[in-house]
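First comes the structure, then the notes that go with it.
The values are calculated or read from the model by the stated rules, or taken from the named source; none is laboratory data. Note that the structure is a prediction, hence the values are computed from the model and not measured. Cβ placement follows ideal geometry from the backbone for every residue including glycine, while neighbour counts extend to all protein chains displayed.
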Amino acid sequence: MAGEKFKLAQAVRGGEGGGGPGEVARLRRRVEAGRAPRPFFTRISQTVASYAGKPATFIGAAGVIVAWALTGPLFGFNDTWQLIINTSTTIVTFLMVFLIQNSQNRDTAALQIKLDELIARLEGPRDALLDLEDLDEETLERLRLEYALIADTARDSGDEGAAPLPSARAPGGPSAGPG
């Protein structure tokens, strides 16, 4: 199992197994084949959110705005000409808010579940922290302040976790050891 994960990771990075567009498409098909079926709206929102964040989409949207602006003199910059872009952008924005929010809610929930699993598996953390997202603002602020105090105490006591790592030092600064 671990060997298969290593080979897959190596292929994704472009190591053994090639790489390139054909390899990415093959890996995408493998991933999709192993996934649980997703509802139609979930598939649509994930696809739209994915494409909306691509540079080509931004360039296309900017091109539409430029084309619209260039047609202004043809229409005499009249009210209908302005209404076209106003209505179009309002509709697209209205729909994108819901699609992206759906995608964001799902991603946040998945991340929260992963964090909950990690907390539940570790020895030491308080299990009461597993459902923080359901607590009220005052309780969340109290817990945040508790952790801020713990961090301050760790920094004051010279805790190793509070010091920067040697590799994080600025170039040309003092070295971490003899050199």
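Tabulated data for the structure shown
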read-out	value
One residue from LEU83, LEU70, LEU95 being exposed (fewer than 10 other Cβ atoms within 10 Å of the Cβ), without any contact (Cβ under 8 Å) to a residue 40 or more places away in the chain and not assigned by TED's automatic domain parsing to the domain that holds ASP134	LEU70
Residue under evaluation THR57, criteria (1) in contact with a Phe, Trp or Tyr (Cβ under 8 Å, 6 or more places away or on another chain); (2) modelled with pLDDT under 85, criterion not met	(2)
Checklist (1) modelled with pLDDT under 75; (2) on the phi < 0 side of the Ramachandran plot applied to GLY124, failing item	(2)
Breaking point among (1) at pLDDT 75 or above; (2) in contact with a helix residue (DSSP H, G or I) (Cβ under 6 Å, 6 or more places away or on another chain); (3) within 30 Å of ILE44 (Cβ to Cβ), for LEU115	(2)
Answer from SER50, SER45 - the residue that is in contact (Cβ under 8 Å) with a residue 12 or more places away in the chain and not hydrophobic (A, V, I, L, M, F, W, C)	SER45
